[in-house]
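The values are calculated or read from the model by the stated rules, or taken from the named source; none is laboratory data. Owing to the predicted nature of the structure, the values given are computational and were not obtained by experimental measurement. Cβ: placed from backbone, ideal geometry, glycine included. Neighbour counts: every protein chain shown. SASA here: full protein model, heavy atoms, side chains in, ligands and nucleic acids out. Shrake-Rupley method; radii C 1.70, N 1.55, O 1.52, S 1.80 Å.
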Amino acid sequence: QAQLVESGGGLVQAGVSLRLSCAASGRPWTNYAMGWFRQAPGKEREFVAGINWNGGRTDYADSVKGRFTISRDHAKNTVDLQMSSLKPEDTAVYYCAARDSRDNPFTIVTATSDYEYWGQGTQVTVSS
């Protein structure tokens, strides 16, 4: 059964780094784009970073550009989010998501509704 499982969240101080990982299993993930989203208390889920089916294209939310890096390893079926210079406003539950990108394989899609598979999320809390 298709499954996405996030790991790596925790409680950290502002300014430090943290690496999140998403393990995909249960089906062939060829042609699937991957994304990271986050949701803070009282706010809507928002796009953080995305990577296309072959890892050749990435995109980031303006709020994390220059601080976060998304990457994927097809051999291991994993996608990581390296977060640096963390701020209290980065506090949220971070979700891994996947979409069949055959409809548009060269574009990073940022809408939550366009992603088919979701993990349960991992909590990241950044203290000031």
Practice problem: May I ask you to list pairs of residues, at least six apart or on different chains, whose Cβ atoms are under 6 Å apart, with the first in region 96-110 being open to solvent by 70 Å² or more (accessible area, probe 1.4 Å) and the second being not in a strand (DSSP E or B)? | Solution: R102/N31
Practice problem: Return only the number of the condition from (1) part of a loop (DSSP other than H, G, I, E, B); (2) farther than 18 Å from G15 by Cα; (3) not aromatic (F, W, Y) that A49 does not satisfy. | Solution: (1)
Practice problem: Determine the pairs where a residue that is free of Cβ contacts under 8 Å to residues at least 60 places away in the same chain and in a loop (DSSP other than H, G, I, E, B), located within region 1-30, has a partner that is of a type in the set (S, T, N, Q) and open to solvent by 50 Å² or more (accessible area, probe 1.4 Å) with Cβ atoms under 9 Å apart, the partner being 6 or more residues away or on another chain. | Solution: Q1/S25; G26/Q1; G26/Q3; R27/Q1; R27/Q3
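Out of N54, N31, which single residue is in contact with a Phe, Trp or Tyr (Cβ under 8 Å, 6 or more places away or on another chain), loosely packed, with under 15 Cβ neighbours inside 10 Å and more than 16 Å from G119 (Cα to Cα)? Show your work before the answer.
Details: N54 fails: in contact with a Phe, Trp or Tyr (Cβ under 8 Å, 6 or more places away or on another chain).
Exactly one of N54, N31 is in contact with a Phe, Trp or Tyr (Cβ under 8 Å, 6 or more places away or on another chain), loosely packed, with under 15 Cβ neighbours inside 10 Å and more than 16 Å from G119 (Cα to Cα), namely N31.
Quickly run through region 40-51 and pick out the residues that are open to solvent by less than 60 Å² (accessible area, probe 1.4 Å) and touching a residue at least 40 places away in the same chain (Cβ under 8 Å). Please lay out each step first, then the result.
Quick first cut of region 40-51, residues open to solvent by less than 60 Å² (accessible area, probe 1.4 Å) only: 40, 47-51.
If the condition is that a residue be open to solvent by less than 60 Å² (accessible area, probe 1.4 Å) and touching a residue at least 40 places away in the same chain (Cβ under 8 Å), then A40, F47, V48, G50, I51 are the ones that fit.
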